[in-house]
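Take a look at the structure below.
Values quoted throughout were computed directly from the atomic coordinates according to the rules given, and no laboratory measurement underlies them. From a predicted model like this one, the values you see are computed outputs, not experimental measurements. Because the Cβ atoms are built from the backbone with ideal geometry, glycine has one as well, and the counts that use them run over all protein chains shown.
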Amino acid sequence: MKPRDIAGIVLLASLFVMSSCGDDDDYSVATDVIIKKVETGSATVTAVSATTTGRVFDLSRQHSASYSVGVVYGTDPDPKAVGSKVQGTMGADGLVTTTLQGLTKGNTYYYATYVTLAGKLTSYGEVKRFVTTDARIGTADAADITATKATVKAVTTGLDGIMVEGETEMHYGFKLSATQDGVRNGVDFPILSTSNSVSQRLTGLVPGKTYYYTSYFQLGDGLIYGETKSFKTASQVMEYVDLGLSVMWAKCNIGAEAEQETGVLAAFGDPTGLKQSEYLSDYPIDGSNDIVKAADIDGPSSLKSAIPTEEQVAELIAKTTRKEETVKGVKGMRFIAANGNSIFLPYTGYRKGQTVNNSGTEGLYWTASSYDIVKDYGHTLKLTAGTAASGFSLRSLGLGVRSVRKSPHLTPLSDRLVVGDLENNGRIRIEIYNEYGATKAHPAVNPAQIKFSKNMVVTFKLAGINGNLKSSAPYQHIAGLEFADDSWDPSHWSSLSGDKYDAKVTGDGTYKVFMETAAAAEGAKVFCIDIKDLATDLVDVSKLKASVLHIDFDADNVN
């Protein structure tokens, strides 16, 4: 043997890993760089054929000519020793697919995925088995569909007398996916039954989303699939609660229709709620895949829901009181605002793969914020033992999702308004909030709740004008809005000329002033209503009473 051939075999042996070897393999391998694991998957079978799946970790850096993949199979329980090899194909994700033809109906076949490197070294996955059959399963149409739930059913035919040795119940199930092509690799809902008719109530679905599903029954590790069908969940108008914070909080979780329901347990960056991969690369952190934006929960409102940010979660914790509570048998935490409103968040637990852990003992909820320092994690809201805190979780874990939304309107505290000739210029000013005025310490509204991108409309009421005007006073006075957000842009400073944004005050009554903007406004520096010359024209200014009935953001009709 030439020295270079000896060196090549030594190098091969130093790189390849084998989980087991066939009789024709006589190489000693000691280290572990290329093949870390070989997995044997399920098989889709008919009476005379089967398509098997498996996975190899990891050949992504190897040239396709340097290896072969496939399945070894036979009727002997040890196919590695006496079975036949059939070459398959491998996708970019390491998934190995192999088709077996010419099988005999009613036989039990044993199989294992294999990979052979350089034509010499072979590694195998676990040995599994299937039974060939012409029995069938029929997938029924989905029924009882709501915004977050649906019932799927199936019926088998031709199963009499077919059973894998040692088993007394049939293995049935349904698989659910967001795409038709991915349904056989979708979320699995296994069912054990002695009947030929099965059903499954699906919960935690996303409102307004199309789902694809199929039924199956299992003989050993072989699967016989029914027809793939689809259904679409109904839309949901999510109810939001004003807690006096910068955003309103939803009454229910995404995928829930009552406050005590867990809803969907979704990984960070998964808009479907169905992904169960533990590979972090499957979950983007750029915000492009937002499950709240994918849900049809906003109805006709122009205001759109979103996952709360890390800062909004911190605000919820800091500006509410909390108590542990049980609602309809579900334990969780109630957040109570200063205005008396509250929301209940159930102890959802978390999902790793398809297994839910700690349900009923802790609640874990995503924010929209990834962890800048360690990208594998996202910021969360963690509830446990009556306490609430900000935390971190791996992005691949399935957590609860509670949405937030800007307030469509505010109702100021009228007893905190400051009203009068505040600038000694003859105008009446109704000060709602002023960074430089008396309302800074005791504002009539939380300025952080002021968020709009199209318009803001202020409806106010005046009393004490009728019978209190000087004889020389004009019939009407012009009222206008004075506003600047935190950055001073956008802003609106009324000219009090009676344009479309102003109101013409003709005595006691209810009036409306508004502003429009092409840029998003957030927060407030100055927020007042001025009424030109009214202070000069009143006999007794102290008799004037003003209240702000409501403030509307991004209204569809401002007239």
**Study point:** Under 5 Å, built H, 5+ apart or other chain: amide partners of His379
**Key:** Thr367, Ser369, Ser370, Tyr371
Practice item. Can you figure out the FRET efficiency of Asp134 with Ile336, using R₀ = 56 Å and their beta-carbon distance, to the nearest 0.05? Key: 0.35
Review point. Can you give the extra length, in nm with one decimal, that the chain gains between Asp499 and Thr210 once fully stretched, where that is 0.36 nm per residue apart less the Cα-Cα distance?
Key: 99.2 nm
Study note, to complete from the structure: Ordered by fewest other Cβ atoms within 10 Å, a rough proxy for footprinting exposure, His409, His63 read His63, His409
Study note, to complete from the structure: Contour minus Cα-Cα span, Glu239 to Lys440, at 0.36 nm per residue, comes to 69.3 nm
Check your understanding: Mean residue ellipticity at 222 nm from the helices of the chain, using -39,500 (n - 2.57) per DSSP H segment of n ≥ 4 over the full residue count, to the nearest 500 deg cm²/dmol?
Key -> -1500 deg cm²/dmol
**Study point:** Alpha-carbon radius of gyration plus Dmax, which is the widest Cα pair, for the chain in Å
**Key:** 33.5, 122
Review point. How far apart, in nm, are two points set 7 Å out from the Cα along the Cα-to-Cβ line at Thr326 and at Thr146?
Key: 2.2
